[in-house]
Each structure stands twice: as C-alpha cells, then as structure tokens.
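Quick one: the structure is below, and I'll ask about it shortly.
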Amino acid sequence: MEKRVAIVGIIVENKNSIETLNSILHDYADYIIGRMGLPYRARGINIISIAMDAPQDVINALSGKIGNLEGICSKTVYSDVICSE
C-alpha cells in the first residue's frame with residue numbers, strides 16, 4: 001500500500017462544529033503524526049494543522065469529511081515522496 005505524508009490545514013469559524021471535528025480526527029488517530037492548534041482570539045477562529053502519514057485515499061477521506069462540516073474549511077498539501085509498505 002502506498003502512503004504519503006501530508007499536512008491538512010483547517011480553519012474553524014463555527015465553534016459548534018468543533019466536537020464533530022474532534023470526533024473525526026479521533027477516528028483517524030492511527031494516521032496522524034501530530035496536531036497543532038492555535039486559537040486566534042482577535043478574529044474568533046481556530047487554526048489547526050494536522051500532519052499525516054497515510055494512503056492518499058485515507059487523507060482525502062479525512063479532508064473531505066472535515067470540509068463538509070459547517071463553518072470549517074480545510075486544504076491539504078502532499079509530499080511528493082510516495083512510500084510503499
């Protein structure tokens with residue numbers, strides 16, 4: 001199975017969606033290398049970055065689920081390196 005390293009950038013504008021977001025991230029915990037969250041109080045938003053090492057379809061599924069949440073947007077950046085396991 002080919003795996004890639006990726007960063008998922010997340011902007012949370014709707015605090016009501018945070019519980020669902022955390023639940024989704026918990027479901028993908030086996031693929032998450034690390035997570036950094038920054039509350040940006042001046043703008044009333046949260047900025048989260050998720051580092052992952054996973055098959056591309058898993059990364060796409062996570063990003064898609066996050067992007068479907070109300071008041072949350074996400075973008076994914078992939079490494080060019082593909083690792084076969």
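Apply the Karplus curve 6.51 cos²θ - 1.76 cosθ + 1.60, θ = phi - 60°, to the phi angles in the stretch 38-48 and return the couplings in whole Hz, x for Gly and Pro.
10, x, 10, 4, 4, 10, x, 10, 10, 10, 10
Then there is this: Counting only the heavy atoms of the protein chains, how much of Asp80 is accessible to a 1.4 Å probe, in Å² to the nearest 10?
140
Only four residue types carry charge here, +1 at the Cβ of Lys and Arg and -1 at the Cβ of Asp and Glu. Report the dipole size of the chain about the Cα centre in Debye, rounded to the nearest 20.
With only Lys, Arg, Asp and Glu charged at Cβ, the dipole is about 440 debye.
Here is a follow-up. Which lysines have a Cα lying under 22 Å from the Cα of Lys3, excluding residues fewer than 8 positions away in the same chain?
Lys65, Lys75
Normalising by the residue count of the chain, find the relative contact order in percent from Cα pairs under 8 Å and 6+ residues apart.
Answer for the chain is 51 percent.
Let me ask something additional. Of Met52, Met1, Met36, which has the most accessible area and how do the rest follow, probe 1.4 Å?
Ranked from most to least accessible, the order is Met1, Met36, Met52.
Run the 1.4 Å probe and let me know the accessible area of Glu13, rounded to the nearest 10 Å².
Per-residue accessible area (Glu13): approximately 120 Å².
Roughly what angle does helix 56-67 make with the longest principal axis of the chain, taking Cα atoms, 0 to 90 degrees, to the nearest 10?
Helix 56-67 sits roughly 10 degrees off the main axis of the chain.
Let me ask something else. Give a residue-ordered list of calculated ³J(HN,Hα) values for the stretch 25-31 (Karplus: 6.51 cos²θ - 1.76 cosθ + 1.60, θ = phi - 60°; whole Hz; x for Gly, Pro).
4, 4, 5, 9, 4, 5, 9
Accessible area, 1.4 Å probe, largest first: how do Val12, Val81 sort?
Val81, Val12
So what's the back-of-envelope 222 nm ellipticity for the chain, counting only DSSP H runs of four-plus at -39500 (n - 2.57) apiece and dividing by all residues, rounded to 500?
Dividing the helical sum by the residues of the chain leaves -8000 deg cm²/dmol.
Moving to a separate point now. Report the extension gain between Ile45 and Tyr78 in nm, rounded to one decimal, defined as 0.36 nm multiplied by the number of residues separating them, less their alpha carbon distance.
Length gained, Ile45 through Tyr78: 9.4 nm.
Give the carbon-plus-sulfur fraction of the accessible surface of the chain in %, rounded to a whole number; probe 1.4 Å, heavy atoms of protein chains only.
52
What whole-number value in cubic angstrom gives the convex hull volume per residue for the C-alpha atoms of the chain?
79
The values are calculated or read from the model by the stated rules, or taken from the named source; none is laboratory data. Worth saying up front: this structure is predicted, and the values here are computed from it rather than measured. All Cβ positions, glycine included, derive from the backbone under ideal geometry; neighbour counts span all protein chains shown. Quick note on the areas: whole protein, heavy atoms, side chains included, nothing else; ligands and nucleic acids left out. Shrake-Rupley method; radii C 1.70, N 1.55, O 1.52, S 1.80 Å.
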